[in-house]
Amino acid sequence: MNVAVVKYNAGNICSVVNALRRQGVNPVVTDDERLLMSADKVVFPGQGEASSVMACLREKGLDRVIPSLRQPVLGICIGQQLMCRHSEEGDTTCLGIFDIDVKKFSPEHHSDKVPAMGWNSLGSLSSPLFSNMPDHPYVYFVHSYYVPCCSATIAVANYIHPYSAALWKDNFFATQFHPEKSGSVGEQILKNFLNL
């Protein structure tokens with residue numbers, strides 16, 4: 001299987017590549033339009049700040065390429081947020097694949113820490129991405145911004161309030177959490193994505 005990982009100025013790409021290799025896939029890390037368009041699957045991972053990452057995507061022309069992809073695409077963490085319409089982080093216009101805006105967590109109690117960091121459970125799972133999952137599986141999050149629940153939500157997590165832990169529209173899937181850091185549950189999610 002030909003899997004491409006989007007290459008741009010966001011961290012965490014190496015751990016995604018290693019997780020894919022554990023699935024028996026040797027992905028190519030690339031910003032080449034031809035390689036991205038011809039891949040069987042595309043993973044759009046990353047950690048970073050929305051406005052600087054979007055500036056890099058625009059500079060490389062990836063802001064045009066990514067929304068035009070027709071094969072299954074998986075956005076991870078900042079990848080999910082950048083697939084939305086707009087982010088409060090840096091007042092950033094994003095890719096607009098999901099018609100929803102990204103919001104900043106606003107602590108309501110002294111115990112509410114931002115960024116939200118650590119393991120949290122998923123509910124309301126509704127996608128082939130979550131086949132063969134236990135009830136309320138735990139996955140790993142690190143984020144200060146979130147996507148509100150919307151018509152594209154396929155998994156919900158709760159921190160301060162419920163929010164979209166995963167999204168799905170057409171061939172585009174996205175997770176706010178890090179499957180590559182989420183143990184056996186994350187491995188199953190990556191396997192499910194590769195089997196789509």
Counting only residues that are modelled with pLDDT of 95 or more and aliphatic (A, V, I, L, M), which one in segment 100-116 is nearest to the chain's Cα centre (by Cα)? 102
What are the residues in segment 83-130 that are over 16 Å from residue 158 (Cα atoms), in contact with a Phe, Trp or Tyr (Cβ under 8 Å, 6 or more places away or on another chain) and of a type outside the set (Phe, Trp, Tyr), if any? 83, 84, 85, 87, 88, 89, 97, 127, 129
Checking the condition in contact with a strand residue (DSSP E or B) (Cβ under 7 Å, 6 or more places away or on another chain) and not small (Gly, Ala, Ser), which residue from 113, 104 passes? 104
Segment 166-192: number of residues that are small (Gly, Ala, Ser) and open to solvent by 10 Å² or more (accessible area, probe 1.4 Å): 2
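Restricting to segment 38-48, give me the number of residues that are in contact with a helix residue (DSSP H, G or I) (Cβ under 7 Å, 6 or more places away or on another chain) and either open to solvent by 10 Å² or more (accessible area, probe 1.4 Å) or hydrophobic (A, V, I, L, M, F, W, C) (or both).
6
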When you scan segment 52-59, do you find a residue that is aliphatic (A, V, I, L, M) and open to solvent by 20 Å² or more (accessible area, probe 1.4 Å), even just one? yes
Scan segment 83-117 for residues that are farther than 20 Å from residue 52 by Cα and surrounded by fewer than 16 Cβ atoms within 10 Å (Cβ to Cβ) and report the count. 11
For segment 144-196, enumerate the residues that are under 14 Å from residue 73 (Cβ atoms), part of a strand (DSSP E or B) and either of a type in the set (Phe, Trp, Tyr) or without any contact (Cβ under 8 Å) to a residue 24 or more places away in the chain (or both). 168, 172, 173
Restricting segment 2-37 to residues that are open to solvent by less than 20 Å² (accessible area, probe 1.4 Å) and either touching a residue at least 60 places away in the same chain (Cβ under 8 Å) or of a type in the set (Gly, Ala, Ser) (or both), the one farthest from residue 55 (Cα to Cα) turns out to be 25
Subset of segment 120-165, residues open to solvent by 30 Å² or more (accessible area, probe 1.4 Å) and touching a Cys at 6+ places or on another chain (Cβ under 7 Å), comes to 156, 162
Sort out which residues of segment 1-47 are farther than 23 Å from residue 141 by Cβ, outside any helix (DSSP H, G or I) and aliphatic (A, V, I, L, M), and write them in order of number. 1, 3, 4, 25, 28, 29, 39
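The values are calculated or read from the model by the stated rules, or taken from the named source; none is laboratory data. For clarity, every value in this text was computed on a predicted model and none was experimentally measured. When we count neighbours, we look across all protein chains shown, and the Cβ atoms used for this are built from the backbone with ideal geometry, even at glycine. To get the accessible areas, we keep the full protein, side chains included, count just its heavy atoms, and leave off ligands, DNA and RNA. Shrake-Rupley method; radii C 1.70, N 1.55, O 1.52, S 1.80 Å.
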